[in-house]
Amino acid sequence: LGTQKLAAVILEFASAAKFQKEKILDKKIALPLGIIAGVGSFFGSNLAISINETHINGVIAVLLSIIFILFLNKDRIGFKKEHLTRKHYILLGMITFFLGIWGGIFSGGFGTFVTMIIVLFGFSFIESAAIGRVIGFFMSAIGFIIFAQHQLINYSYGLSLGIGFAIGGWIGIHISLKKGEKYIKNLLSIIILVTIVQLLLRFFHIKLF
């Protein structure tokens, strides 16, 4: 988990830079939410050192399933971006804080969760992905510092993973921008379903191979 935090810092920074280069990133929304997620990650990362990963897998699978159902019905129950009020942004900030705690404890599915939540608040998939990368950067950076203090990071692995993530993320964003919203929605749906199955298999200690 600590090593992954280092890789995630590199990935999120490179991806956010790509979105900024394409003039898609809404920094007025992304930066405050990123700071809030970083605060949550501080608490979550300190808890992660002693928490049971098996239990977390089960909780995440349930939460991800619930949010996936909301995600599929976002046109009926989601908010409209142009109708968002201060109360809506406060609610989004509170959700981001708790997601930051969870991301600090266990990073699995964090980026997917964040993207789906922002989509439910009326932002497009591409806008949500861009904002999510900034949120992920702050969350991962704080987590990285905490794990580094406890000497729980393999730097050679983390840097290698991070560079691979960054290259893949840069290419992925380029493809997504060319393919459009429908492509991202379908791809995200597949990723969510695969993640849910994977987490449930871990929770019930089922090995397919």
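The values are calculated or read from the model by the stated rules, or taken from the named source; none is laboratory data. What you see is a predicted model, and the numbers here were worked out from it, not measured in a lab. Every residue, glycine as well, gets a Cβ built from its backbone with ideal geometry; the counts of neighbours run over all protein chains shown. SASA here: full protein model, heavy atoms, side chains in, ligands and nucleic acids out. Shrake-Rupley method; radii C 1.70, N 1.55, O 1.52, S 1.80 Å.
The set of residues from the range 147-163 being at pLDDT 95 or above and under 19 Å from Phe110 (Cα atoms) comprises Gly158, Leu161, Gly162. Leu70: touching a residue at least 40 places away in the same chain (Cβ under 8 Å) and buried (at least 18 other Cβ atoms within 10 Å of the Cβ), yes or no? When the stated conditions are applied, Leu70 does not pass them.
Here Val62 clears all of (1) touching a residue at least 24 places away in the same chain (Cβ under 8 Å); (2) surrounded by fewer than 23 Cβ atoms within 10 Å (Cβ to Cβ) except the condition numbered (1). Among the residues of the range 26-56, the ones that are farther than 19 Å from Ile117 by Cα and surrounded by fewer than 23 Cβ atoms within 10 Å (Cβ to Cβ) come to 12 in all. Filtered by the rule that a residue be surrounded by fewer than 23 Cβ atoms within 10 Å (Cβ to Cβ), on the phi < 0 side of the Ramachandran plot and basic (Lys, Arg), the range 2-25 gives Lys18, Lys21. For the range 153-209, give me the residue count where each residue is farther than 20 Å from Gly136 by Cβ and outside any helix (DSSP H, G or I). Qualifying residue count for the region: 8. The residue that is nearest to Gly111 (Cα to Cα), among those in the range 181-209 that are among the basic types (Lys, Arg) and touching a residue at least 60 places away in the same chain (Cβ under 8 Å), is Lys185. Against the conditions (1) closer than 29 Å to Pro32 by Cβ; (2) at pLDDT 95 or above; (3) open to solvent by 70 Å² or more (accessible area, probe 1.4 Å), Ala141 satisfies every one except (3). Applying the condition of being among the basic types (Lys, Arg) and more than 19 Å from Ile192 (Cα to Cα) to the range 73-87 and asking which residue is least open to solvent (accessible area, probe 1.4 Å) yields Lys81.
Between Leu199, Leu161, the distinction of being more than 15 Å from Val9 (Cβ to Cβ) and surrounded by 15 or more Cβ atoms within 10 Å (Cβ to Cβ) belongs to Leu199 only.
So that you can scan it fast, the table gives a plain yes or no per residue for (1) open to solvent by 10 Å² or more (accessible area, probe 1.4 Å); (2) without any contact (Cβ under 8 Å) to a residue 40 or more places away in the chain; (3) over 12 Å from the mean Cα position of the chain (by Cα):
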residue: Leu91; (1), (2), (3): yes, yes, yes
residue: Met94; (1), (2), (3): yes, yes, yes
residue: Gly100; (1), (2), (3): no, no, no
residue: Gly104; (1), (2), (3): no, no, no
residue: Ser107; (1), (2), (3): yes, no, no
residue: Phe113; (1), (2), (3): no, no, no
residue: Ile117; (1), (2), (3): yes, no, no
residue: Phe125; (1), (2), (3): yes, no, yes
residue: Ala129; (1), (2), (3): yes, no, no
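Listed by position, the helices (runs of 4 or more DSSP H) enclosed by the range 26-118 that each have at least 3 residues that are in contact with a helix residue (DSSP H, G or I) (Cβ under 8 Å, 6 or more places away or on another chain) are 27-48, 53-72, 86-105.
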